[in-house]
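All remarks here apply to the structure that follows.
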Amino acid sequence: MIDLNAYINKSVEIQLGDDLLHVKMPSVANMGRIAELEQGLGVDAAIDYEIKQKTAHLLLNDNLEGKEIPMSIVEQIPLNGIMAVVTTIFRARVELEKDPNSESQSPQVN
């Protein structure tokens, strides 16, 4: 049996101000939104920073608490904090993809 809830509820703890957020792994829909954002990467350094900020904003707002983080708060986070959010969540997503149970629980189709 594949327990999709385990995948849906997988999260990374992120402290933001007084709030402890459990930020979920990006859904397919959010990965599509991120891919759209990333189309502008490499054009200009200022645009790259803005894309990273929007990506972090999107990720932070997909949390188990249902708390909405305004862009005005994300704009106050230094670049190294933005990068920590994005890389930590994407690393966790890659680890989830490597989950040995993800293949072993699926029925074999020949």
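Bear in mind these aren't lab numbers, they're just calculated from the coordinates by the rules spelled out. Note that the structure is predicted; figures quoted are calculated from it, not measured. Here Cβ is always computed from backbone atoms with ideal geometry, including for glycine, and neighbour counts include all displayed protein chains.
Things to note:
- With all pairs of different C-alpha atoms in the average, the Kirkwood value for the hydrodynamic radius of segment 4-103 is 14.2 Å.
- Ranked list, fewest to most other Cβ atoms within 10 Å of each Cβ, for 1, 31, 25: 1, 31, 25
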